[in-house]
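Q: The structure that follows is given in the form of structure tokens.
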Amino acid sequence: MRSSASHDGLQQISSGGGGFSRVKNLRNLIANSPLRRRRILSQSIDSGLPTAGRGVFGVPLVTLVTSEGADVPKIIRRVVEHVDKYGLKEEGVYRINGSAKTIEKLKASFNAVGDADFTDVDVAAIAGLLKLFLRELPAPVIPPDIEAKMVDIQQKHPGEMTEQAGSLLRDCLSQLPAIELAVFKYIVNHLSRVAQHSGFNKMTAVALSIVFGPGIFHCGGGLEGMRLQGYANSVLCRFVAHNSTLFQPSSSVVSPERPTRPEPYTEHIRKKEGSPLSPEARSHERGLYAERSVDEAMDQSSDSLYFTPPSPHTLQVSSPSTPLSPTSPPLPPSSSSPSPDETPLKRQQPVKKGKHSVIR
């Protein structure tokens, strides 16, 4: 009875001039109400409808990847591409929280249509959307069993990264499911690019691991969860700092080559200036390297280049009680020395000035 009466009432309203438009607006308002959307979303999740009709947040990774036909969910790719383009030099990116209202609007858009418009949206809000998505995943990117192994590796191999720790972490990666491995690698490579611009954004690998650790590793609450989360953050920091080697198979990792012995400094100068090195200088250089270490030879060659013997005409300073005498040995005669017929140079006489004698 009530439904027929309501229907009659709507017909009476619609018979008026502006009543039809009001009824149409009322129907659209009811159809787009949040309660109705949540009810439809809940029914679509239970019935297994495609992603576009069932939301994005709180949905398992395997479901998103299967329905979208991609290796990484679209929401992750959209946020990463936007931050790579506009946010790498944004100070505090991922650390500074964006507007909660804006993040909720973006979340509702992804849940409704599977995408959102990022035009004129703050980078901090878009970055916060990725953190929220990871936190609301029903299962973390790193499963609990692999997480426990990584935490154990971090506990047994703290401090600097070693080859043994890297090999063990690569073994853990090989045990990850394909979807989780692709998502984890995609996020870590992005965080590594962000850390490379830490001079601008102030977000180092340590800072990024603190922000993203709880989203990638769900360690739980309580004191024990906080303790494990600290180790998990350190594991993530290692992946961000060493992503180029940790995501390679153990067999393809090449040990760093030993440094070669540096070439003599005189040889470097000869190549730079394009002038040949005399046989005497080359023999002298070989003798230095045969008798001394590389460091000492570098010092000796550098000294021989920049040390200039004192000239006999250099100003000398002596004490008042001691007469001035030339300290440099006489120059040997050469083809360029003056002949006996030429007028010799005048002998320089010391001139007393203050407490010292100076030759002028």
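The values are calculated or read from the model by the stated rules, or taken from the named source; none is laboratory data. No experiment lies behind these values; they were computed from the predicted model shown. Cβ coordinates were reconstructed from backbone atoms using ideal geometry, including for glycine residues, and neighbour counts include every protein chain displayed.
Q: Quickly run through the range 71-110 and pick out the residues that are surrounded by fewer than 20 Cβ atoms within 10 Å (Cβ to Cβ), within 17 Å of the chain's Cα centre (by Cα) and of a type in the set (A, V, I, L, M, F, W, C).
A: Passing the criteria: only Leu88.
Q: Let me ask something additional. For the structure I just gave you, tell me whether Pro140 is of a type outside the set (A, V, I, L, M, F, W, C), in a loop (DSSP other than H, G, I, E, B) and in contact with a helix residue (DSSP H, G or I) (Cβ under 8 Å, 6 or more places away or on another chain).
A: It is true that Pro140 is of a type outside the set (A, V, I, L, M, F, W, C), in a loop (DSSP other than H, G, I, E, B) and in contact with a helix residue (DSSP H, G or I) (Cβ under 8 Å, 6 or more places away or on another chain).
Q: Could you give me the residue pairs with C-beta distances under 7 Å whose first residue belongs to the range 239-254 and is more than 11 Å from Lys185 (Cβ to Cβ), whose second residue is part of a loop (DSSP other than H, G, I, E, B) and at pLDDT below 90 wherever it lies, and which are 6+ apart or on separate chains?
A: Correct list of pairs: Thr245/Val253.
Q: Of the numbered conditions (1) on the phi > 0 side of the Ramachandran plot; (2) in a helix (DSSP H, G or I), Gly159 fails exactly one; give the number of that condition.
A: (2)
Q: Which condition number does Leu168 fail, the rest of (1) under 27 Å from Ile75 (Cα atoms); (2) surrounded by 13 or more Cβ atoms within 10 Å (Cβ to Cβ) being met?
A: All conditions are met except number (1).
Q: List the residue pairs whose Cβ atoms are under 7 Å apart, where the first residue sits in the range 216-238 and is in the same structural domain as Ile187 (by TED's automatic domain parsing) and closer than 14 Å to Ile153 by Cα, the second is at pLDDT 95 or above and among the β-branched types (Val, Ile, Thr), and the two are 6 or more positions apart or on different chains.
A: Pairs found: Leu228/Val151; Tyr231/Val151; Ala232/Val151; Asn233/Ile210; Val235/Val151; Leu236/Ile216; Cys237/Val206.
Q: Being within 24 Å of Gly166 (Cβ to Cβ), surrounded by 19 or more Cβ atoms within 10 Å (Cβ to Cβ) and over 14 Å from the mean Cα position of the chain (by Cα), is that true of even one residue in the range 235-244?
A: Scanning the range 235-244, I find at least one residue that is within 24 Å of Gly166 (Cβ to Cβ), surrounded by 19 or more Cβ atoms within 10 Å (Cβ to Cβ) and over 14 Å from the mean Cα position of the chain (by Cα), so the answer is yes.
Q: Out of the residues in the range 78-114 meeting the condition of being assigned to a loop (DSSP other than H, G, I, E, B) and free of Cβ contacts under 8 Å to residues at least 40 places away in the same chain, tell me which one is farthest from Lys202 (Cα to Cα).
A: It comes out as Ser99.
Q: Of the residues Glu136, Glu104, Glu160, which single one is in the same structural domain as Asn233 (by TED's automatic domain parsing) and at pLDDT below 95?
A: Every option except Glu160 fails the conditions.
Q: For the range 180-223, what are the residues that are of a type outside the set (Gly, Ala, Ser), out of contact with any helix residue (DSSP H, G or I) (no Cβ under 9 Å at 6 or more places or on another chain) and modelled with pLDDT of 95 or more?
A: Answer for the range 180-223, where residues must be of a type outside the set (Gly, Ala, Ser), out of contact with any helix residue (DSSP H, G or I) (no Cβ under 9 Å at 6 or more places or on another chain) and modelled with pLDDT of 95 or more: Gln196, His197, Phe200, Lys202.
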